[in-house]
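Peer 1: Input: one structure, supplied below.
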Amino acid sequence: MNNGNRIETKVGIVVPTMGTRNEMLIQCLSSIRSYGLVHIAIVAPDVHNAVATIDPRYYDMMIQDPKTGLVDAINLGLNSMPKEIVYINWLGDDDLLEPDTLSLFLAELEQDEHVSLVYGNCTYINESGSKVWKNSFGQFAARILKFGPCLIPQPGALFRRSTFLEVGGLRSDYGWAFDYDLFVRFANKGKLKYIDCDVASFRWHSNSLTVSQRKKSVNEASKVRMSHYSIGWKIVAPFWEQLIKTATLHAPKIFERK
């Protein structure tokens, strides 16, 4: 379902939602719309209810969720973007973008065709919106991507649609580390570039998929790394992976204390 607006932008953002946290959803959509020209596609399990409750100014396209998992919902949204859309990402319905984020990303991607993905700093906030931490690992996050924890913040990124299609989109056999796997495949196709700006906020709370399924997420990230390791790395992988998994599992305690 499309609002019928003429496409005047190269940027598209998908927002998958279950429709259970409307206040946060409106904040999310408003933060994306603050950029101005951006094509927003909402993927929802109950399109008719979503259309009735969400102001049409906040979205351009409403898509019926296939109800086969989050990955399928995101893939459907990204693949349904109009042909004019060149740069894409998705944003959780409780996350936020800074006003200048998309213009900064667009400038970097337009300037260098070899850059497949751009990312910046991402602030972690709690349910009330208070800051608890900031991910600002910089270019280091891209350098260790293939053998360390995934430090590239997915909400704080924008990537080429052509590269997304080239690598086959998100893999539905991953339930938690699908963004990590995608970024590794992107790194094999082009440069991952960091810009030193605060670009997004990720909401860290008990209902977040990343938080509630932490152990499963960490184990799946290990599986992603193992699938991309060279033969040489696989020799030391069992020892290395245990260190990485232990460190990653303990890292969230700083957020929980706050």
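Peer 1: If we scan segment 42-59, do we find a residue that is in contact (Cβ under 8 Å) with a residue 12 or more places away in the chain, touching a helix residue (DSSP H, G or I) at 6+ places or on another chain (Cβ under 9 Å), under 26 Å from residue 152 (Cβ atoms) and surrounded by 15 or more Cβ atoms within 10 Å (Cβ to Cβ)?
Peer 2: yes
Peer 1: Go through the residues of segment 143-158 one by one and say whether even a single one is farther than 28 Å from residue 100 by Cβ and polar (S, T, N, Q).
Peer 2: no
Peer 1: With more than 24 Å from residue 93 (Cβ to Cβ) and small (Gly, Ala, Ser) as the only criterion, which of 175, 148, 156, 169 stands out? Working first, answer last.
Peer 2: Details: 175 fails: more than 24 Å from residue 93 (Cβ to Cβ); 156 fails: more than 24 Å from residue 93 (Cβ to Cβ); 169 fails: more than 24 Å from residue 93 (Cβ to Cβ).
After ruling out the rest, the residue left standing is 148.
Peer 1: Please give the number of the condition residue 110 fails out of (1) in contact (Cβ under 8 Å) with a residue 12 or more places away in the chain; (2) surrounded by fewer than 20 Cβ atoms within 10 Å (Cβ to Cβ); (3) of a type in the set (Asp, Glu).
Peer 2: Residue 110 satisfies every listed condition except (1).
Peer 1: Another question, then. Please pick out the residue among 101, 163 that is surrounded by fewer than 21 Cβ atoms within 10 Å (Cβ to Cβ), farther than 23 Å from residue 218 by Cβ, within 17 Å of the chain's Cα centre (by Cα) and not basic (Lys, Arg). Steps first, answer last, please.
Peer 2: Numbers: 101 fails: surrounded by fewer than 21 Cβ atoms within 10 Å (Cβ to Cβ).
So the residue among 101, 163 that is surrounded by fewer than 21 Cβ atoms within 10 Å (Cβ to Cβ), farther than 23 Å from residue 218 by Cβ, within 17 Å of the chain's Cα centre (by Cα) and not basic (Lys, Arg) is 163.
The rows are residues; the columns are (1) within 25 Å of residue 87 (Cβ to Cβ); (2) among the hydrophobic types (A, V, I, L, M, F, W, C); (3) touching an Asp or Glu at 6+ places or on another chain (Cβ under 7 Å).
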site	(1), (2), (3)
14	yes, yes, no
18	no, yes, no
27	yes, no, no
34	yes, no, no
38	yes, yes, no
43	yes, yes, yes
48	no, no, no
53	no, no, no
57	yes, no, no
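Results for (1) under 17 Å from the mean Cα position of the chain (by Cα); (2) at pLDDT below 95, shown as yes or no for each residue.
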| residue | (1), (2) |
| --- | --- |
| 131 | no, yes |
| 146 | no, yes |
| 157 | yes, no |
| 168 | yes, no |
| 179 | yes, no |
| 195 | yes, no |
| 199 | yes, no |
| 203 | yes, yes |
| 208 | yes, yes |
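The values are calculated or read from the model by the stated rules, or taken from the named source; none is laboratory data. Treat the numbers as computed from the prediction; the structure is a model and nothing was measured. So basically every Cβ, Gly included, is an ideal-geometry build from the backbone, and we count neighbours across all protein chains shown.
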